[in-house]
1. Say the dipole of the range 89-169 comes from +1 at the beta carbon of Lys and Arg and -1 at that of Asp and Glu; which of LEU107, ALA165, TYR128 then lies farthest toward its positive end?
2. Roughly what would the spin-label model give for ALA131 and VAL13, points 7 Å off Cα along C-beta, in nm?
3. Among 45-51, 123-129, what's the highest-first ranking by average C-beta atoms within 10 angstrom per residue?
4. Which distance in Å, rounded to a whole number, links the C-alpha centroids of the range 144-169 and the range 1-56?
5. Mind checking which lysines have their C-alpha under 27 Å from LYS149, skipping anything on the same chain fewer than 8 residues away?
6. How much net charge surrounds PRO154 when only the other residues with a Cβ under 14 Å from the Cβ of PRO154 are counted, with Lys and Arg +1 and Asp and Glu -1?
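Please treat every number below as a calculation from the coordinates, not as lab data. Computed from a predicted structure; not experimentally measured. Here the Cβ is made from the backbone with ideal geometry for all residues, glycine too, and neighbour counts use every protein chain on show.
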Amino acid sequence: MKQIRLASADGAVITVDQDIAEQSGTLRNILSDVVSSSAPIPVPNVNGAILSKVLEYCTHHRNDPQRRKPRDTVYDEPDSSEAAISRAISQMDDYDAEFCRVDQGTLFDLILAANFLDIQPLLDLVGYTVANKLKGKSVEEMRATFNVKNDFTPEEEEQARKENAWCED
């Protein structure tokens, strides 16, 4: 199997089988444009630790044909948050559940990396994980979870609650 080298944002160079890297739409497009080069492919938006974790995920799912198709041909239903959650749940295995048992910062870095690298199944998985952490929490609990400062005045907050009372049911 042909191997390629990837250079992360922090300068880490990681060697990986090409078929694993091609699970990323971004890398697949770059590789289709590059004839041959010994230079590492830059991955400027992803640090080495997160890139290694993403490649670990891709290696685990390397023989899963559903995860290897380009984004526009993978799913029959329109892409919506409900469809993405259903896909993530149906494709999740024990490995995926354990893979997502990381701290909040790592989860968000994985979301950014999956989005930048165009790895939709990984983006769905970590997005579902974050959504599941928020399920059933109050606004105050969500603010505490994400360290979001409440910059509403009491009057603005009351107005927002009235306007969005339908979603509290």
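1. Highest projection toward the positive end goes to LEU107.
2. If labels sit at ALA131 and VAL13, their model points lie 4.1 nm apart.
3. 123-129, 45-51
4. Answer, in whole Å: 42.
5. The reachable lysines, counting only those whose Cα sits under 27 Å from LYS149, are LYS133, LYS135, LYS137, LYS162.
6. Details: positive: ARG161, LYS162; negative: GLU140, ASP151, GLU155, GLU156, GLU157, GLU158.
For residues surrounding PRO154, the net value is -4.
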